[in-house]
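Input: a single structure, listed below in structure tokens.
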Amino acid sequence: MSDLKLGDKAPNFDAETSEGKINFYDYLGDSWGILFSHPADYTPVCTTELGTVANYKAEFEKRDVKVMALSVDGIESHKGWIKDINETQNTTVNFPIIADEDRKVSNLYGMIHPKADDTQTVRSVFVIGPDKSIKMTLTYPASTGRNFDELLRVIDSLQLTAYNKVATPANWKHGEDVVISPSVSNEEADKMFPKGYKEVKPYLRMTSQPELKK
Ligand code: BEZ
């Protein structure tokens, strides 16, 4: 089983999807990406998840994140299921869903956990940076639907901390104060954060959220 870790290169692949044949890297271009798996078509939790992602498309676009889903069923099944998702979730599925019948992509990304299920994927998420490296992974069991507000929150943190020497504290949300990276000295912090910072402890310095740089 593939054992992809943070910082590893996200494997490239060609795949049949609900929007035609796609090369993953071509699809991502220079954008961020999110790739997430669904155990199977015509399942209730997946139906709500895909509807939620479709309804959040503008939020992903705002963050320059390209969305791609995966399920181990075929194209015709995906097309029928998308009609159901659109109807029941009051949306239009507006991103590709990989038809991974031969489990090629699932195995490449270690999305099948045999002790959970031999053939269906678990609920995996990979967030991929513009350099094609893996920035975040998450694994939920089939019975637990993911929280896409949390995924947007994590993407906000990943993008902020990629370009600024800060980290985000517990339960942080966009716009709230952040932590200055421990590698930054007080002298550097004085220059880097002109609005100032509060030294709660020498290792815990809080400052207002810097502007998002790209
Ligand atoms: C679901 O998406 O509803 C689901 C899929 C596999 C197992 C349990 C639930």
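Scanning residues 5 or more positions from V166 or on other chains, those with amide H under 5 Å from its amide H are S181, with H placed 1.01 Å from N in the peptide plane. Relative to the dominant Cα principal axis of the chain, helix 75-88 is inclined by about 60°.
In the Gaussian network model of the chain, springs joining C-alpha atoms below 10 Å, which of E199, E16, E187 carries the largest mean-square fluctuation? Maximum among the listed residues: E187. Per residue, the Cα convex hull of region 164-207 amounts to 72 Å³. Shown is the FRET efficiency for N171 and E59, computed with R0 = 25 Å from the Cβ-Cβ distance and rounded to the nearest 0.05: 0.85. In whole Å, how far is the Cα centre of region 1-64 from that of region 81-108? What the calculation gives is 10 Å, centre to centre. With Cα atoms as the point set, region 43-201 shows a radius of gyration and Dmax of 19.3, 61 Å. Here the Karplus relation 6.51 cos²θ - 1.76 cosθ + 1.60, evaluated at θ = phi - 60°, turns the backbone of region 120-133 into coupling constants of 8, 7, 7, 8, 9, 9, 10, 9, 10, x, x, 8, 6, 9 Hz, with x for every Gly and Pro. The alpha-carbon of K57 sits under 13 angstrom from the alpha-carbons of these aspartates and glutamates, leaving out residues fewer than 8 places away in its chain: E49, D149. Against the chain, whose longest principal axis comes from its Cα atoms, helix 148-163 is set at around 50 degrees.
A short reminder: the numbers here are calculations on the coordinates, not readings from a lab. As the structure is a computational prediction, the values presented were derived from the model and not from experiment. Cβ atoms come from the backbone with ideal geometry, glycine included; neighbour counts cover every protein chain shown.
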